[in-house]
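Below: one structure, written as structure tokens.
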Amino acid sequence: MHPTAAVITVSDRSAAGERSDESGPVAVAALREAGFPCEPAAIVPDGADSVEAALRAAIDTGARLIVTTGGTGVGPRDLTPEGTVRVVTRALPGIAEELRRQSTAEKPAGMLSRGIAGVVDGAGALVVNLPGSPRAVAAGMPVILSIAGHVLDQVRGSDHS
């Protein structure tokens, strides 16, 4: 049985009800298909404080794999990485680098994503930021799922295998 997962969509417009969340459900579906119990995506406004609070709340409710969508670009309110870095205790830059590499191969703007990935020691959680586009989420979820089980085993102290 996989640990619980959570998805957090970061979008001012979706949080205000002005636009439907199209990326969160893509991540939720991929997690569920891979066997991770996952509630529907939580939607929070852009900003470091709202991202930090949502990540801490997800961890407090038992989520051990947390995927965020949105807020990774260069817009004035794109502060998902800044909120995430407040929660993550050890960065896993290889995951973020691979996500950017893959995204950039599809379209040059992929290199503008500032998303990060890392673990939360003590909680034994993995957090990964994805861009807000449904296409980027669909492309990024297989990368995350290819390594998530190993990372979660490792942060719980399992042997390298």
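Projecting the Cα positions of GLN102, VAL88, GLY17 onto the charge dipole of the chain (unit charges on Cβ atoms of Lys, Arg, Asp and Glu, taken about the Cα centre) puts GLN102 furthest along the positive direction.
Annotation: amide H of THR4 within the under-5 Å range of ARG64, sequence separation 5 or more or interchain, hydrogens built in the peptide plane. With a simple spin-label model that places each label point 7 Å from the Cα along the Cα-to-Cβ direction, the separation between ASP121 and VAL74 comes to 3.4 nm. Helical runs (DSSP H, four residues minimum) scored at -39500 (n - 2.57) apiece and divided by the length of the chain put the mean residue ellipticity at 222 nm at -13000 deg cm²/dmol. Stretching ARG32 away from ARG156 to a fully extended chain increases their span by 42.5 nm, per 0.36 nm per residue minus the current alpha-carbon distance. Take every pair of alpha-carbon atoms less than 8 Å apart whose residues are at least six positions apart; their mean separation over the length of the chain yields a relative contact order of 25 percent. Among residues other than PRO45 with Cβ under 13 Å from its Cβ, the summed charge is -4 (Lys and Arg +1, Asp and Glu -1). Amide H contacts of SER11: VAL44, ASP46, each under 5 Å away and 5 or more positions distant or on a separate chain (H built 1.01 Å from N in the peptide plane; Pro and chain starts excluded). Amide H contacts for GLY73 (H built 1.01 Å from N in the peptide plane; partners 5 or more residues away or on another chain; cut-off under 5 Å): ARG114.
Computed from backbone phi, the HN-Hα couplings of the stretch 110-121 come to x, 6, 7, 5, 9, x, 10, 9, x, 10, 10, 4 Hz, rounded to whole numbers (Karplus: 6.51 cos²θ - 1.76 cosθ + 1.60, θ = phi - 60°; Gly and Pro given as x).
Once the chain from HIS2 to GLU97 is taken as fully extended at 0.36 nm per residue, the excess over their C-alpha distance is 31.7 nm. Counted residue by residue at 0.36 nm each, then reduced by the alpha carbon distance between them, the extension gain from ALA53 to GLU39 reaches 3.3 nm.
Order these peptides, 29-39, 77-87, by their mean beta-carbon neighbour count within 10 angstrom, highest first.
Working: 29-39: 17.0, 77-87: 20.7.
Top of the packing list down: 77-87, 29-39.
Just so you know, all these numbers are worked out from the coordinates, no wet-lab data involved. Computed from a predicted structure; not experimentally measured. Note that we place each Cβ from the backbone using ideal geometry, even for glycine, and neighbour counts take in every protein chain shown.
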